[in-house]
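The values are calculated or read from the model by the stated rules, or taken from the named source; none is laboratory data. All figures in this text were calculated on a predicted structure; none of them were measured in a lab. We place every Cβ from the backbone using ideal geometry, glycine too, and count neighbours over all the protein chains shown.
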Amino acid sequence: MIYPLPKDHKFSVHVCPDLSGLNRFGPDVEIVDSVDYTLNPDRVEFFYKAVRRFLPDLKDGELQPGHTGVRPKLTLEQATANDFVIHGKKDHGIDGLINLFGIESPRLTSSMAIGEYVKALSGVN
């Protein structure tokens, strides 16, 4: 993934080449009050402007929508920060349950430090 993030993440998108040889653009950061998976046509111009930072010759109509989703955050402030929380038995009292909140990919799937921490919390050798 390529992260050309300005200071304010609200004005950027990620670029990720996929296995078919195409590039996927997104996600972006948009604060929402409710979960809605419909494609917001008001975001089209935002994506063209963001993608043209990489591909300045991109013509209108050349982008195709892929999918929509909602990335949960712990607080509104964390929508543009990358903080996360890990809760174990000390936090909720349930033996063997470990919650990982606000950890976005690729950190959740690629962080050895998080894996080692979770292993230590679980008591597994």
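Worth pointing out:
- Considering residues of region 21-78 that are assigned to a helix (DSSP H, G or I) and modelled with pLDDT under 85 only, the residue nearest to the chain's Cα centre (by Cα): GLN78
- Within region 53-66, residues that are on the phi < 0 side of the Ramachandran plot sit with their Cβ atoms under 9 Å from residues that are surrounded by 10 or more Cβ atoms within 10 Å (Cβ to Cβ) and charged (D, E, K, R), at 6+ positions apart or across chains, in these pairs: LEU55/GLU62; LEU58/ARG52; GLY66/ARG24.
- Condition broken by LEU5, with the remaining ones in (1) in contact with a strand residue (DSSP E or B) (Cβ under 6 Å, 6 or more places away or on another chain); (2) modelled with pLDDT under 85 satisfied: (1)
- Candidate set: region 86-101, residues that are assigned to a loop (DSSP other than H, G, I, E, B) and surrounded by 14 or more Cβ atoms within 10 Å (Cβ to Cβ); chosen: the one farthest from the chain's Cα centre (by Cα): GLY88
- Taking region 33-49 as the range and being exposed (fewer than 10 other Cβ atoms within 10 Å of the Cβ) and within 14 Å of ARG71 (Cα to Cα) as the test, the residues that pass are ASP33, SER34, VAL35, TYR37.
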